[in-house]
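The values are calculated or read from the model by the stated rules, or taken from the named source; none is laboratory data. Keep in mind that this is a model prediction, so the values were computed, not measured. Every residue, glycine among them, receives a Cβ derived from its backbone with ideal geometry; neighbour counts consider all protein chains shown.
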Amino acid sequence: MSETGAFTREKDAEGVLVLTLDVPGERVNTLGRGMIAAFESILDGVGKDESVRAVVIRSGKPDSFVAGADIKDFTRIRSAEEGEALSRAAHAAFDRLEACRVPVVAAIHGACLGGGTELALACRYRVASDDPKTSIGLPEVMLGLVPGAGGTQRLPRLVGLAAALDLILTGRALKAPRALEAGLVDEVCPAPILVAVAKRAALGLAEGRVRPRRPGIAWRERLLRPIIFSKARASVLKKTGGHYPAPLEAVEVVRRGTAASLPEGLNLEAEAFGRLAVGDVSRRLVSVFFATQDIKKDAGYPAGTPAVEVTKLGVLGAGLMGAGIAGVAAEADVAVRMKDASHEALGRGLEYVRGVWEERLKRRSLSRLEVARRMDRIAPTVDYSGFRRAELVIEAVFEDLELKRRVLAETEAATRDECVFASNTSSIPIGEIARGCRRPAQVLGMHFFSPVHRMPLLEIVVTPATALTAIATAESFGRRIGKHVIVVRDGPGFYTSRALAAYMNEATWMLEEGAAVEDLDRAMTGFGFPVGPVTLLDEVGIDVGAKVAKVMHHHFGDRMAPPPAMEKVLADGRLGRKAKKGFYTYDGKKKRVDGSVYALLPGGVAREPVKAREAQERLAFAFLNESVLCLQEGVLRSPRDGDVGAIFGLGFPPFLGGPFRYLDHLGARFALETMEKLHARHGARFSPAPMLVDLAREGRTFHASGH
Amino acid sequence: MSNRRAAIVAGCRTPFARSGTVFRDLTAVDLAKVCLRELIERTEVDPASIGTVVMGQVVPSVKAPNLAREAALGAGLPKSIPAHTVNRACASASQAIADVASAILLGHVEAGIAGGAESLSDVPILHSRRMARILVETQKAKSLGARLAALAKVRPRDLVPDAPAIAEPSTGLTMGQSAEKMAKENGITREEQDGIAFASHRNAWAATADGRLPAETCAVHVPPAYETTVTSDNLLRKDTSLEALAALTPVFDRRYGTVTAGNSSPLTDGAAAVLLMSEERAKAEGYEPLAYVRSWAVAAVDPGGQLLMGPGLAIPMALERASLQLSDMDLVEMHEAFAAQVASNIQALQSKAWAREKLGRSTPVGRVDRDRLNVCGGSIALGHPFGATGARITTTLAREMKRRNAKFGLLSVCAQGGMGFAMVLER
């Protein structure tokens, strides 16, 4: 396939050449190596053709301009020099575009990301459609990179330092109106007239009638440079804990580049891009990205399995989980029937959902009308009326086996035979809930994470009896509401709760042995988790944690034995944040460790100092080993699913690539040695997973492309 | 007409609440949305099978004049279903039901939803005509100077809002005054009026206590905080007595009058709707209809005479179209705008003079058996959201007919402008 096929050229009577980008056979346009070359040859043509007075670049894809670079190209980079060269090739092409004899205007409709934005930045003028699908940004930092096609240099020179740093460091994209405010685009117009408006601007530029204001970096920002950059650096460090080199590099490249000439700045950018592209962090973030893409193609059921489209969802329970699920469904335009026992509970659930959207309303990312429209889609009820039309029912009632069995029986009576019943339990085996039900083939688990609207993972739990269509229905629903979906086999705690239970259990053992709460939390946030284990225990609820721990202990024996002191903590009425009493205090403005909790633990108030490394080793290996056991037992279908589940469900550090990528990085032999060391010190909790032993012996990795 | 029949499959309403109370911050569209959504959920009807939505509203909102369309969209009905709003004053929901029944009988649709809603907490308050003119001029003014000049014309009296009154535009008489006039001219005593009011409360309370009315009612979770959930009507009183009613002062004619707040229907917020289907479709879908529409009629009298005597004309017309007698009716539902109006119409139906002069027939229409009248209470006790009442009455009558296994039922609604609506249901 010749990539010149990606462009069609059409010149109108007035001499405006419209270049339409349409990479054949792909859903979206990406800027591959070949595409850059094709681009150059077109620019050659424009140079020679005197009749061309202006150029408009648009996309032939329905709702995307250019979605960015072809990420596969990144994985082929073998050395920093190669990465640098890739960046320089893009620079050369876009420099020529910028220097084009005639004005070039970008007509942007749909997603314009990464390389697409950099292409637009090299144009002389940018027009965007006002469609909500139009969004413009530089997400490279999310893949552990800096923009490599001029973005770090052209963006600050166009919109100023603060605005550019915000976009480059967060990777967030702007909708058209915001892009106009920021000066990132020059005009915003309705999509149907986008090309016409772009053509008019192009001619206006050619004839000198249109002269866009390009003030460059404002003098105020020039004066405040040191403050802007030191603040940017500080906020990056605070957000990333120093685990991610890309945003720090980006700050430097922008800082040094904007103090120098554009060519010098591009030079710095290319060097940084090359360095980062072959770095571990970027490699792992890219691998996580591919894992999330790959999982959509290998979704846990044979391709072609018919999935029922969910037009109506039944939700049982209007608590945080139930209401959260109702909210994300309503957001995806699914009609929801939400049932709870009382109108008070329903009212609280509705208020919770509305609160989530009111927050977005305040941030102007949602209109008042849209909030009302979404609320209209949730129909509260205290009985099962309306469930007959539901294709999927998700229960989020109290974590109690008998209760869940009862609501399953009630749901079976109230729904059609094809209806899928999903339990949002976080620890009860689905097989136990389904035991004795009428339609076991229609029963599975849909384990959402709290808060539902923010946590990107959905863990679907299937029993040997679950029908493939039921899995396909649940999986496609999960994707429709924007979740990464892993399909795991049924078992106590499935994958996520089980790995987390092992990790949390180790944290409570360390508390029992005398560690201080803040030492443990600091150690694990230092490791890269978003919150520490003790904070998490408070958030989840110490009672909930204890319940899960009991289930785990029951099924897995000594390996999951909880420390005795936790009973005392619970008996003291410490349930965690919901009771405003746990390991931390919640009455003051600032959350503080509640010192009185130590009286309930062996060792009392005098805590033993713990080295962060020791805590990290014990907690991480508890997590890693349990993950390997899950893979070995077939709870996990692949290391990929384990990585995606741990990162998006449990906050496992993305820069480590997930537990299996991390194990591959450490090496099975080293991991096994560490496990054996911990086993000798702490006993059964660290019995190495047999699969790890095998891998260590055979010198193999979990992932085929482990490094 | 063809041999098709329009079936009343189900009905549903929001609780009815005194205006300015629990539904104070909601609009009629909000109430209608909940009502339609709940009707669809409870009947579990395939929303795509609905062919039309017709709703009544008497005091429309300027912002959403086609309530039916907004409510249908908000209730999640497919966007491809057309919807329109009708205004036949207090008989609007009945008119909506008649419209959908017509569409079914004509074979235009197989199923439809009809009902209505009213929020008298959300009536449009208008500027005076002069103020409105000044504001329009201000808006059109091309310069700041012209704008200020236009605004400078505002006088304090222009700021007095123009609230709509429930009065006849053609006569200027309010509804209450009209009822007062009817009571006097027809010799309806205070005792008779209070008796009707008492029966309304007593029957409504009984039908609430034994669950008949709650079964027709859906809960409304009141946004934005959803702290309040309205699950029951807030107007009816368990403890009303004839003595308490007798103690009230007349409102419209303090000196010689007999019409009191106790024997009139109060200003009310609420919504109600029914699901209709062709007989064939209802049976094919496995529904057991509550009742079928047998006939209906609308009539009008001179609004300058006795305003609320429309039912006295419409009832015999509907009965004649049904080829039935008043005595064939097992149950009768009469909308109680005022007890005086109910009594006047009952009196007319059994009057030879009325039959001769107004109907051109020699015999009276017949006697309304009080034991079969408004057996679940009426608008005096439950309230009267203008646009919704017709659907409430139809639902209650149809359900009660089914419960009692009654053969025929009659309903009537009097309306502003001297109009009256009547419908005969059969099983």
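Annotation: of all residues in the stretch A:353-371 being hydrophobic (A, V, I, L, M, F, W, C) and without any contact (Cβ under 8 Å) to a residue 12 or more places away in the chain, the one that is surrounded by the most Cβ atoms within 10 Å (Cβ to Cβ) is A:L366.
Of all residues assigned to the stretch B:16-28, at least one qualifies as being part of a strand (DSSP E or B), away from every other protein chain (no Cβ under 14 Å) and not charged (D, E, K, R). Among the residues of the stretch A:681-700, are any more than 19 Å from A:M552 (Cβ to Cβ), in contact (Cβ under 8 Å) with a residue 60 or more places away in the chain and among the hydrophobic types (A, V, I, L, M, F, W, C)? Yes, the stretch A:681-700 has at least one match. Taken together, the residues in the stretch A:330-371 that are closer than 24 Å to A:V540 by Cα, of a type in the set (A, V, I, L, M) and in contact with a Phe, Trp or Tyr (Cβ under 8 Å, 6 or more places away or on another chain) amount to 2. Of the residues screened, A:T535 is one that is out of contact with any Ser or Thr (no Cβ under 6 Å at 6 or more places or on another chain), closer than 25 Å to A:A622 by Cβ and polar (S, T, N, Q).
Select from the stretch A:311-329 the residues that are within 14 Å of chain B (Cβ to nearest Cβ), surrounded by fewer than 23 Cβ atoms within 10 Å (Cβ to Cβ) and hydrophobic (A, V, I, L, M, F, W, C) and list them in ascending order. Once the filter is applied, which keeps residues that are within 14 Å of chain B (Cβ to nearest Cβ), surrounded by fewer than 23 Cβ atoms within 10 Å (Cβ to Cβ) and hydrophobic (A, V, I, L, M, F, W, C), the stretch A:311-329 yields nothing.
The helices (runs of 4 or more DSSP H) located wholly in the stretch A:464-528 that include 3 or more residues which are touching a residue at least 60 places away in the same chain (Cβ under 8 Å) and under 23 Å from A:H679 (Cα atoms) occupy A:496-513, A:517-527. Being under 24 Å from the mean Cα position of the chain (by Cα) and among the charged types (D, E, K, R) is the filter; apply it to the stretch A:337-369 and report the residue that is nearest to the other protein chains (Cβ to nearest Cβ). Per the stated criteria, the residue is A:R354. Of everything in the stretch A:446-463 that is among the β-branched types (V, I, T) and not in a strand (DSSP E or B), the residue that is farthest from A:A326 (Cα to Cα) is A:T463.
From the list A:D587, A:D594, A:D641, exactly one residue is surrounded by 24 or more Cβ atoms within 10 Å (Cβ to Cβ) and among the charged types (D, E, K, R). Which is it? The unique qualifying residue is A:D641.
The residues of the stretch B:166-216 that are over 21 Å from the mean Cα position of the chain (by Cα) and not in a loop (DSSP other than H, G, I, E, B), listed by number, are B:K181, B:A183, B:K184, B:E185, B:N186, B:R190, B:E191, B:E192, B:D194, B:G195, B:A206, B:A209. In the set (1) at pLDDT below 95; (2) at positive phi, B:N405 fails one condition alone, (1).
I'd like the residue in the stretch B:183-239 that is surrounded by fewer than 22 Cβ atoms within 10 Å (Cβ to Cβ), among the β-branched types (V, I, T) and within 11 Å of chain A (Cβ to nearest Cβ) and, out of all such residues, is farthest from A:M375 (Cα to Cα). Only one residue fits best here, namely B:T231. Determine whether the stretch B:48-57 contains at least one residue that is buried (at least 19 other Cβ atoms within 10 Å of the Cβ), within 14 Å of another protein chain (Cβ to nearest Cβ) and among the hydrophobic types (A, V, I, L, M, F, W, C). Looking for residues that are buried (at least 19 other Cβ atoms within 10 Å of the Cβ), within 14 Å of another protein chain (Cβ to nearest Cβ) and among the hydrophobic types (A, V, I, L, M, F, W, C), one finds at least one in the stretch B:48-57, hence yes.
A:A307 passes every criterion in (1) more than 11 Å from chain B (Cβ to nearest Cβ); (2) out of contact with any strand residue (DSSP E or B) (no Cβ under 9 Å at 6 or more places or on another chain); (3) surrounded by fewer than 23 Cβ atoms within 10 Å (Cβ to Cβ); (4) part of a helix (DSSP H, G or I) apart from (4).
Residues are listed down the side, and each one gets a yes or a no for (1) farther than 30 Å from B:V301 by Cα; (2) in contact with a helix residue (DSSP H, G or I) (Cβ under 6 Å, 6 or more places away or on another chain):
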site	(1), (2)
B:R129	yes, no
B:T138	yes, yes
B:L151	yes, yes
B:P169	no, no
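Answer yes or no: is there a residue in the stretch B:393-400 that is in contact (Cβ under 8 Å) with a residue 24 or more places away in the chain, acidic (D, E) and under 26 Å from B:S264 (Cα atoms). Yes, there is a match, as at least one residue in the stretch B:393-400 is in contact (Cβ under 8 Å) with a residue 24 or more places away in the chain, acidic (D, E) and under 26 Å from B:S264 (Cα atoms). Restricting attention to the stretch A:210-247, the residues that are within 20 Å of the chain's Cα centre (by Cα), charged (D, E, K, R) and either assigned to a loop (DSSP other than H, G, I, E, B) or closer than 18 Å to A:P139 by Cα (or both) total 1.
Okay, residues lined up against (1) farther than 30 Å from B:W354 by Cα; (2) out of contact with any helix residue (DSSP H, G or I) (no Cβ under 8 Å at 6 or more places or on another chain):
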residue	(1), (2)
B:G262	no, no
B:D269	yes, no
B:L275	yes, no
B:G305	no, no
B:A314	no, yes
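Mind listing just one residue for me: the one in the stretch A:559-612 that is small (G, A, S), in a helix (DSSP H, G or I) and more than 21 Å from A:S450 (Cβ to Cβ) and, of those, modelled with the lowest pLDDT?
A:A565
Going by what's in this entry, would A:A54 be described as over 37 Å from the mean Cα position of the chain (by Cα), of a type in the set (A, V, I, L, M, F, W, C), closer than 30 Å to A:A206 by Cβ and surrounded by fewer than 19 Cβ atoms within 10 Å (Cβ to Cβ)? No, not satisfied. Based on this model, can you work out whether A:L320 counts as in contact with a strand residue (DSSP E or B) (Cβ under 6 Å, 6 or more places away or on another chain) and within 30 Å of A:Q442 (Cα to Cα)? Judged against the criteria, A:L320 is not a match. Inspect all residues belonging to the stretch B:381-394 and state whether any of them is touching a strand residue (DSSP E or B) at 6+ places or on another chain (Cβ under 9 Å), in a strand (DSSP E or B) and at pLDDT 95 or above. Checking the stretch B:381-394: at least one residue is touching a strand residue (DSSP E or B) at 6+ places or on another chain (Cβ under 9 Å), in a strand (DSSP E or B) and at pLDDT 95 or above. Within the stretch A:394-426, how many residues are within 14 Å of chain B (Cβ to nearest Cβ) and within 32 Å of the chain's Cα centre (by Cα)? Residues that pass the stated criteria total 1. Taking the residues in the stretch B:58-76 that are in contact (Cβ under 8 Å) with a residue 40 or more places away in the chain and buried (at least 20 other Cβ atoms within 10 Å of the Cβ) as candidates, determine which candidate is farthest from B:L105 (Cα to Cα). The qualifying residue farthest from B:L105 (Cα to Cα) is B:G74.
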